[in-house]
Amino acid sequence: MKTINDMLVIIIMYMIGNMIFVSKHKHLLIMLLSLEFIVLSIFMLLLMYLDYIEFNMYMLMVFLVFSVCEGALGISILVSMIRSHGNDYFQSFNLL
């Protein structure tokens with residue numbers, strides 16, 4: 001019964017992260033934080049699943065490497081955007 005409750009919490013975390021990502025599309029920093037929240041919920045789901053089927057945890061290490069690379073790339077885009085435009089609003093600059 002504990003795993004069903006944990007799965008529901010993880011699914012709710014994933015849905016909340018997606019709702020924040022969709023609703024706060026004006027600020028890059030909030031979008032990056034919601035993406036990291038989604039990655040955290042997927043990591044927890046993957047951890048529970050791999051523990052349940054008694055599989056090796058090497059896939060978790062690969063997932064963590066990709067999520068760290070995604071976070072570093074997002075922070076570098078945020079820093080370059082703030083240096084060039086002064087803020088993280090998407091409406092303050094032209095994309096074309």
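The values are calculated or read from the model by the stated rules, or taken from the named source; none is laboratory data. As the structure is a computational prediction, the values presented were derived from the model and not from experiment. No Cβ is skipped: glycine too gets one built from the backbone with ideal geometry, and neighbour counts run over all protein chains shown.
So here's what we get for this one:
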| item | result |
| --- | --- |
| Qualifying residue in the stretch 61-81 (condition: assigned to a helix (DSSP H, G or I), at pLDDT below 85 and either on the phi < 0 side of the Ramachandran plot or acidic (Asp, Glu) (or both)) | yes |
| Residue satisfying all of: in the stretch 12-34; part of a helix (DSSP H, G or I) and touching an Asp or Glu at 6+ places or on another chain (Cβ under 7 Å); surrounded by the fewest Cβ atoms within 10 Å (Cβ to Cβ) among these | Leu29 |
| Exclusive hit being surrounded by 13 or more Cβ atoms within 10 Å (Cβ to Cβ), part of a loop (DSSP other than H, G, I, E, B) and polar (S, T, N, Q), set Asn56, Asn87 | Asn87 |
| Pairs, first closer than 9 Å to Asp88 by Cα in the stretch 15-30, second of a type in the set (A, V, I, L, M), C-beta under 6 Å, six or more apart | Leu28/Leu78 |
